[in-house]
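Here's the structure, in structure tokens; my notes come after.
The values are calculated or read from the model by the stated rules, or taken from the named source; none is laboratory data. Nothing here was measured: the structure is a model prediction, and the numbers come from that model. All Cβ positions, glycine included, derive from the backbone under ideal geometry; neighbour counts span all protein chains shown. To get the accessible areas, we keep the full protein, side chains included, count just its heavy atoms, and leave off ligands, DNA and RNA. Shrake-Rupley method; radii C 1.70, N 1.55, O 1.52, S 1.80 Å.
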Amino acid sequence: MTINLQKGQRVDLTKGNTGLNKITVGLGWDPVQQKSSGGLFGGLFGGGGSKGANVDCDASVILLKDDRLAAKEDVIYFGNLKGANGAVAHSGDNLTGDGDGDDEQVVVELKSIPADYNRLVFVVNIYEAAQRKQHFGMIQNAFIRVVNGATNEQLLKYNLSEDYSGQTTLITGEIYRHENEWKFAAIGTGTQDNSIGEVVRKYQS
């Protein structure tokens with residue numbers, strides 16, 4: 001039974017899910033279809049109907065200790081696919097967002113995360129957004145979901161349905177410790193950070 005979350009909602013992950021350990025966090029998005037004015041052949045050959053470069057979204061996870069980023073190795077993204085002693089693993093880069101389902105995935109083994117990590121923040125940003133003049137108004141159907149790795153059951157899903165025009169980064173959600181349990185929070189905050197490097201600075205102070 002999937003729990004569909006709204007912005008700002010929080011839900012227990014491990015409480016009530018006895019034995020839950022390995023989860024897959026899926027992040028997805030679709031490029032908005034832009035109309036071509038050149039007809040079929042104009043679109044194929046660039047005759048007045050070229051729609052420009054693909055919007056390349058990148059998913060990242062920022063691993064925090066006491067709500068702070070302690071080391072650059074704790075940013076998990078296409079250039080650093082594993083962290084927290086292997087407990088967090090990124091599936092790799094997806095350049096287009098085309099197709100159904102998850103575009104990028106992060107596998108998390110909750111019981112293997114070292115005790116000094118208390119939050120995992122899931123971020124999606126547009127690669128070279130400023131240079132390409134791209135923003136999340138050009139993206140639709142963005143979501144974050146959590147799947148039980150043992151049963152393949154979808155536990156929760158949060159559709160980011162707001163208008164994020166002008167925003168270049170989305171803080172989608174986070175998994176955090178609460179006493180001896182793990183919880184999930186649906187965040188859905190847009191920012192104008194132009195790179196994951198700009199995002200992580202907010203967690204270093």
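Couple of notes before you dig in:
- Considering the range 138-175, and only residues there that are out of contact with any strand residue (DSSP E or B) (no Cβ under 8 Å at 6 or more places or on another chain) and not small (Gly, Ala, Ser), the residue that is nearest to residue 17 (Cα to Cα) turns out to be 151.
- Of the candidates 28, 52, the single residue that is at pLDDT below 95 and surrounded by 14 or more Cβ atoms within 10 Å (Cβ to Cβ) is 28.
- Qualifying residues in the range 59-90 (those that are touching a helix residue (DSSP H, G or I) at 6+ places or on another chain (Cβ under 7 Å) and within 25 Å of residue 142 (Cβ to Cβ)) - the one most open to solvent (accessible area, probe 1.4 Å): 77
- Qualifying positions in the range 122-142 - of a type outside the set (S, T, N, Q) and in a loop (DSSP other than H, G, I, E, B): 127, 128, 133, 135
- Residue match in the range 176-191 (condition: outside any strand (DSSP E or B), at pLDDT 95 or above and surrounded by 19 or more Cβ atoms within 10 Å (Cβ to Cβ)): no
Residue by residue, here is whether (1) open to solvent by less than 10 Å² (accessible area, probe 1.4 Å); (2) over 17 Å from the mean Cα position of the chain (by Cα) holds:
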site	(1), (2)
106	yes, no
115	no, yes
120	yes, no
128	no, no
132	no, yes
135	no, no
140	no, no
144	yes, no
150	no, yes
